[in-house]
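Asker: Please find one structure pasted underneath; my questions will follow.
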Amino acid sequence: MKRNIGGTQKNLIPFLAICFGLLFSNIMYNSHDTKVYGHLFTRDQTGTFVSIIDQVQTELELVAANLANNNVSLAENHATKASSLLPRVIGEIGEDNPQLVGELMRSVFGMENLSSTTDNQSQNISKLVNNLNEKLDNAKIIRIAQVQPTSNFLDKVTNLLGGLFIGNSGEPSSEQVQNSRIEALAFAELTDAVLINYGKAYNVGFDMTNMSNMIVTPSNRTTSSMVMSNTVRSNNSDTGNTNMNMNMNVDSMNDSSTRMPAHMGVMDNDYYLVHIVDYQTAQALAKKGLDFFDSDLRHMANNNKAIFVNNLEKGLKHLNISIENKGSPTEIMMIVHTEIHPNLLEAYNLELRK
């Protein structure tokens with residue numbers, strides 16, 4: 001027993017060193033912005049876990065993509081962003097797969113210190129990223145299965161893997177309801193991460209996820225227009241939003257003709273793309289969200305929610321096109337707040353934060 005304890009203590013030294021390194025990296029890169037909230041919706045720990053894992057996977061994919069393009073600097077920056085996210089999930093990952101925690105931390109730290117790269121090294125890192133992301137997918141499945149309303153863990157995993165899609169009856173099981181709620185909340189936080197990274201890319205100086213930074217003003221048309229508040233708000237604000245905008249007519253926001261009012265463009269004259277690494281992250285997260293919607297999320301809604309699901313799809317496509325075209329921050333903010341979040345709320349019966 002003494003041998004085992006000594007061996008454990010010895011192994012803890014590099015483990016703790018890496019943990020402290022991760023925490024330091026998190027503070028240095030993103031000390032003012034360490035939380036991502038499911039905008040306006042009730043937060044769910046599992047949904048948050050899934051969202052952060054999605055973001056880690058995205059950053060790792062961007063490491064590989066930039067190395068393939070011989071841009072070592074951007075690759076290292078994305079590795080640093082992945083490193084800044086890991087402290088928020090390594091504890092929970094370690095409960096089920098401690099080996100993966102060590103593998104993740106060693107791999108990410110190696111990616112943060114790439115002085116140069118060769119074709120062979122780039123290929124190896126691409127394979128490593130694919131392997132890590134596959135294991136992270138399994139971590140998400142296990143975590144979601146743990147909160148399924150069944151008693152046997154094996155049954156939970158089986159029900160989760162076999163019940164991603166609603167049956168022909170159109171009536172979801174309790175497992176499917178729980179799963180769709182978790183995935184929708186994770187999706188909401190993922191869209192918030194798009195806004196956060198886009199705001200950093202353009203150095204906007206205010207929290208794009210916070211709807212109190214937008215003023216709702218009725219117009220003569222059936223649609224509503226939104227104007228950016230002249231007051232720069234704190235990035236730490238996540239409360240007091242539930243009375244904003246939710247009484248707006250959802251159908252009016254789904255009007256395909258709804259666009260950013262002309263006077264909103266005035267504020268965008270001061271915004272320029274200054275951080276390409278954050279722009280890449282926002283673009284990749286938006287694409288990841290659309291891909292997940294196409295493959296899974298659209299099938300998790302009840303049949304009577306088809307109109308909201310269709311409108312959500314339109315909003316996601318609009319978001320991806322606008323980001324690809326380097327649309328203004330206010331345009332991106334408008335799309336998320338008026339085309340994506342309201343339809344997400346309606347399609348999956350999400351609750352507002354109290």
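Asker: Counting other Cβ atoms within 10 Å of each Cβ, which trypsin sites (Lys or Arg not before Pro) in the range 93-135 have at most 16 and sit in a DSSP loop?
Answerer: Of the trypsin sites (Lys or Arg not before Pro), not one in the loops of the range 93-135 has a Cβ with at most 16 other Cβ atoms within 10 Å.
Asker: Test of understanding: extend the Cα→C-beta vector of His275 to 7 Å, then name every residue of the range 97-117 with backbone N under 11 Å from that spot.
Answerer: Under 11 Å, as judged by backbone N against the label point of His275, lies no residue of the range 97-117.
Taken together, the values in this text are just the output of simple stated rules run on the coordinates, not laboratory data. None of the values given here were measured: they were computed from a predicted structure. Quick reminder, even Gly has a Cβ in these numbers, built from the backbone with ideal geometry, and neighbours come from all protein chains shown.
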